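The values are calculated or read from the model by the stated rules, or taken from the named source; none is laboratory data. Note that the structure is predicted; figures quoted are calculated from it, not measured. Heads up, the Cβs are rebuilt from the backbone with ideal geometry, glycines too, and the neighbour counts pull from every protein chain shown.
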Amino acid sequence: MTDWQPHTVTTTEVVDPGRVRAVARLFDDALPAPAVGDPLPPLWHWAALPEWAPSGELGLDGHPRRGSFLPPIDLPRRMFAGGSVEFPGTVRVGDTIHTESIVESVTEKHGRSGQLTVVVVSTTIFDGDGSPAVVEKQNLIYREAAPRTTASAAEPEPAAEFVPVGSPLVPAGTDRWDFRTDPTLLMSFSAATANAHRIHYDWPYATRVEGYPGLVVHGPLMTMSLAQTHRLRADGTRIASLTHRNLKPLFCGDAAQLVFTAVDAGARVELVGDDGAAHTAVELTFDQ
């Protein structure tokens, strides 16, 4: 990695109403899709702005090969670990916006699961007037390969275990929602966010190459769903900033609940599994 140097990548893009409608249809929660001129809900830029990488630039895992924007890290397993987002301005549907992204830091560590590398990517989105509207840091973790399984190549994917779930967020009481997933939902989110990572749709790859017990629910899907609970509550507050952490993987079809808890000047929202452990947590701060 001695020859690699971080560099700023800039883009100019339109906040496409069609992509925004795709997110609204994915959540399918009876809220109207934001139209041209409406504010883009918090974190929806993850789906409204990304472009597909050219097929020839993709690596074995489906992500673009490293060594250009991202450093040439040899560790094969990638995780979206969390980050922080500030909203000093407003991105509106239909706006032409400007983005600037750079790798802020690369840190090598040794954890309980072995060698890992933490990459922090910083992105600023400027609104149509050139003012910062979104200031974001994302933490990506690269880990060592998992042991390959010995399952037969002819073993079928357990498709019969999955039942179409409809909307992923189902009210389950005051400030609680059941969180439901199926392969179609994961495919739709991969398409909406231009994410070709195979752990989310390729069951043999996810289980036999990366060693997971099933398809992995996207970290950004869990995080966006947590932020969506604020929109569902419609209490008149505006999110000024948020921090998010992915604590443990959730697998397709696993039962979980979103739990919203108000705190001083904000809220904490957790995605909690059947065992009571949090998979993802978001801390929201509201404008005063």
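Here are the numbers for the structure shown:
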item	result
Test result for LEU247, more than 25 Å from GLY89 (Cβ to Cβ) and under 15 Å from the mean Cα position of the chain (by Cα)	yes
Residue ID - surrounded by the most Cβ atoms within 10 Å (Cβ to Cβ), chosen from residues in region 267-288 that are of a type in the set (A, V, I, L, M) and closer than 20 Å to ALA240 by Cα	VAL282
In region 23-45, the residues that are out of contact with any helix residue (DSSP H, G or I) (no Cβ under 8 Å at 6 or more places or on another chain), farther than 18 Å from ARG92 by Cα and aliphatic (A, V, I, L, M)	ALA30
Some residue of region 147-159 being buried (at least 17 other Cβ atoms within 10 Å of the Cβ) and either modelled with pLDDT under 90 or under 19 Å from the mean Cα position of the chain (by Cα) (or both)	no
Matching residues, region 1-48, being surrounded by 11 or more Cβ atoms within 10 Å (Cβ to Cβ), among the aliphatic types (A, V, I, L, M) and either touching a Ser or Thr at 6+ places or on another chain (Cβ under 7 Å) or over 16 Å from SER190 (Cα atoms) (or both)	MET1, VAL9, VAL14, VAL15, LEU26, LEU31, ALA33, ALA35, VAL36, LEU40, LEU43, ALA47
Hey, PHE80 at pLDDT below 95 and within 18 Å of THR243 (Cβ to Cβ) or not	yes
Qualifying positions in region 102-116 - under 23 Å from the mean Cα position of the chain (by Cα) and not in a strand (DSSP E or B)	SER113
Residues of region 181-232 satisfying the condition of being part of a loop (DSSP other than H, G, I, E, B) and more than 21 Å from LEU49 (Cα to Cα)	THR181, ASP182, TYR201, ASP202, GLU210, GLY211, TYR212, PRO213, GLY214, LEU215
Among the candidates HIS218, HIS244, HIS200, residue that is crowded, with 20+ Cβ neighbours inside 10 Å, out of contact with any His (no Cβ under 7 Å at 6 or more places or on another chain) and not hydrophobic (A, V, I, L, M, F, W, C)	HIS244
Single unsatisfied condition, ARG208 versus (1) out of contact with any Gly (no Cβ under 8 Å at 6 or more places or on another chain); (2) buried (at least 18 other Cβ atoms within 10 Å of the Cβ); (3) of a type outside the set (Gly, Ala, Ser); (4) modelled with pLDDT of 95 or more	(4)
In region 90-101, residue surrounded by the fewest Cβ atoms within 10 Å (Cβ to Cβ) [restricted to those that are part of a loop (DSSP other than H, G, I, E, B) and out of contact with any helix residue (DSSP H, G or I) (no Cβ under 7 Å at 6 or more places or on another chain)]	THR90
Complete set of residues in region 49-75 that are within 25 Å of ARG245 (Cβ to Cβ), touching a residue at least 40 places away in the same chain (Cβ under 8 Å) and buried (at least 16 other Cβ atoms within 10 Å of the Cβ)	LEU49, ASP61, GLY62, HIS63, LEU70, PRO71, ILE73, LEU75
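One line per residue, one yes/no per condition, for (1) within 20 Å of LEU185 (Cβ to Cβ); (2) in contact (Cβ under 8 Å) with a residue 60 or more places away in the chain:
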| site | (1), (2) |
| --- | --- |
| TYR201 | yes, no |
| PRO204 | yes, no |
| GLY211 | no, yes |
| GLY214 | yes, no |
| GLY219 | yes, yes |
| ILE239 | no, yes |
| ARG245 | no, yes |
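Listed here are the residues, each with its yes/no results for (1) in contact with a helix residue (DSSP H, G or I) (Cβ under 8 Å, 6 or more places away or on another chain); (2) at pLDDT below 95; (3) in a strand (DSSP E or B).
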{"site": "ARG245", "(1), (2), (3)": "no, no, yes"}
{"site": "GLY253", "(1), (2), (3)": "yes, yes, no"}
{"site": "ARG268", "(1), (2), (3)": "no, no, yes"}
{"site": "VAL272", "(1), (2), (3)": "no, no, yes"}
{"site": "ASP275", "(1), (2), (3)": "no, yes, no"}
{"site": "THR280", "(1), (2), (3)": "yes, no, yes"}
{"site": "LEU284", "(1), (2), (3)": "yes, no, yes"}
